[in-house]
Amino acid sequence: MMNPISETDLILNADGSAYHLNLLPGDVADTVITVGDQDRVEGVTKYFDHIEFKKAKREFVTQTGRIGNKRLTVISTGIGTDNIDIVLNELDALVNIDFTTRLVKPELKSLNIIRIGTTGAVQADIPVDSLLVSEAAFGFDTLMHYYKQKISIPDEVLLESFVYALSRGYDYKLIPYIASADKGLLTTLGEGLLQGVTVTAPGFYAPQGRQVRAVSAMPELMEIIENFKSVGKRITNLEMETAGIYGLAASLGHKALSFNIVLANRITHTFSKQPAEIMDHNIKQVLERLTKQL
């Protein structure tokens, strides 16, 4: 029999809620929408027919409610995969660990984790204001180096090709990992949408090839990303959470899909003229897909 999980490995608040998220077992719906921005939670739940509750702690704002008979949880993660580590582990604990006994439940629940976030395209033919689904993601962060992963042979081949492209003639100290979307969610929710391979960066400026005042140590990074091709796939966009969501969700037995709203094209140097309206339009589109197909 497994030993109870210690009080320092799984920290609970005095009211029995998860330490960072401040949520109780039962607060989490089977489908969870993650957004980076706290304000975007309201941007999603304003389309709900009913909201059960609103909770907030630090950057983690959560609302659970319903559209028709479909129960949904929306949670803000903040920016970056360090917060994804917190959010996904605590969401999993809320549904798969008995907080009274601190034992893993005999029957595990698999959540649908749906990211709605912004992104920058790295191919000239991807239009600003479009909606793109990540079929896989390379992580430039280190999150999944701390967890065991099962990687398919096609993903291993794709990763090896990308590592080679990054190392060819460059002394870059990057050790990327790869993680993929849930195939079922990709097929159903991603049907008819642009799909591609995403790069998840651990920062917004130099890690995404931007040059402001601090000098980048990897001036060729964007060119490598733009020109990478392997087994018929190319990198389509840059953002800051998808690889961590995909990797950790799969390791915990959950299903994940990332919707990327293209607000910038890094190759054509164009930015959306109406980002708020485009975000709202695509939130509605994703919610319609979720309520009809899940």
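Numbers at a glance
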read-out: Residues of segment 200-244 classified as assigned to a strand (DSSP E or B) and exposed (fewer than 14 other Cβ atoms within 10 Å of the Cβ), total; value: 1
read-out: Within segment 28-53, considering residues that are of a type in the set (D, E, K, R) and out of contact with any strand residue (DSSP E or B) (no Cβ under 6 Å at 6 or more places or on another chain), the one surrounded by the most Cβ atoms within 10 Å (Cβ to Cβ); value: ARG40
read-out: Residue in segment 92-118 that is nearest to VAL44 (Cα to Cα), counting only those that are open to solvent by 10 Å² or more (accessible area, probe 1.4 Å) and of a type in the set (S, T, N, Q); value: THR118
read-out: Segment 125-156, subset surrounded by 13 or more Cβ atoms within 10 Å (Cβ to Cβ), β-branched (Val, Ile, Thr) and over 13 Å from the mean Cα position of the chain (by Cα), residue nearest to THR242 (Cα to Cα); value: THR142
read-out: Search result, residues across segment 157-167 that are surrounded by fewer than 21 Cβ atoms within 10 Å (Cβ to Cβ) and of a type in the set (Phe, Trp, Tyr); value: TYR164
read-out: Segment 117-176, residues that are among the aromatic types (Phe, Trp, Tyr), assigned to a helix (DSSP H, G or I) and farther than 29 Å from LEU193 by Cα; value: TYR164
read-out: Qualifying residue in segment 102-109 (condition: outside any loop (DSSP other than H, G, I, E, B) and at pLDDT 95 or above); value: yes
read-out: Qualifying position, being at pLDDT below 95 and out of contact with any helix residue (DSSP H, G or I) (no Cβ under 8 Å at 6 or more places or on another chain), among GLN285, GLN211; value: GLN211
read-out: Candidates ALA264, ALA249 - the one that is within 15 Å of the chain's Cα centre (by Cα) and of a type in the set (Gly, Ala, Ser); value: ALA249
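The values are calculated or read from the model by the stated rules, or taken from the named source; none is laboratory data. Every value quoted in this text rests on a predicted model; they were computed, and no experiment measured them. With ideal geometry, Cβ positions are generated from the backbone for all residues, glycine too; neighbour counts draw on all protein chains shown. With ligands, DNA and RNA removed, areas are computed over all heavy atoms of the protein, side chains included. Shrake-Rupley method; radii C 1.70, N 1.55, O 1.52, S 1.80 Å.
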